[in-house]
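Q: Sharing a structure below in structure tokens format, with a few things to ask.
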């Protein structure tokens, strides 16, 4: 069933190191893909731990998006991911990490975006204060270089190489953890 229109307000960050793992409450396996994208709106299908959803997002000012999400049959989601995605479906493990008054999602990508690690936090308002955990790196909210579509295009060499800042590399040589 659908839900009332809601505003999704989130901030996105690079991750400095893996110390967040010690605080992880649980994890989810996620596959998702874009079915349509135009004029600041997108339609996404997602499978998260055997639950399937279809989501419509529309960009608003600043940090917020209008978001409509509907549960759909798992078989429909599998078909959409297999046959109707604009680009390859993405896979990631989402780690849920509580910190202070907020819950952080640390997404560790697989497949074409292997090595990319991003953290997001949803907020009740655009002006809400958030205590940043010590493992959080540079904020990339609104930075087009860190939109999934642009990162995939870069990996597929669809965009010129100058269009995407390289994914950061940790001191141990693992890409995507955001030390700057």
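Every number here is computed from the coordinates shown, using simple stated rules; none is lab data. Because the structure is predicted, anything quoted here is derived from the model rather than measured. Every residue, glycine among them, receives a Cβ derived from its backbone with ideal geometry; neighbour counts consider all protein chains shown.
Q: State, to one decimal in nm², a quarter of the convex hull surface area for the C-alpha atoms of segment 44-88, i.e. the direction-averaged projected area.
A: On the way: hull surface 15.0 nm².
With every direction weighted equally, the projected area is 3.8 nm².
Q: Would you please calculate the Kirkwood hydrodynamic radius of segment 1-88 over all C-alpha pairs and express it in Å, rounded to one decimal? The partial results should precede the final answer.
A: On the way: mean 1/r = 0.0679 Å⁻¹.
Across segment 1-88, the inverse of the average 1/r is 14.7 Å.
Q: Which ordering of 107, 39 is given by a fewest-first count of other beta-carbon atoms within 10 Å?
A: Details: 107 20, 39 7.
So the residues, fewest neighbours to most, are 39, 107.
Q: Sort 90, 80 by Cβ crowding within 10 Å, fewest neighbours at the top.
A: Details: 90 25, 80 21.
By the 10 Å Cβ count, ascending, the order reads 80, 90.
Q: Calculate, axis by axis, the spread of Cα positions in segment 6-163 along the three principal axes, and write the results as whole Å, longest axis first.
A: 41, 38, 32
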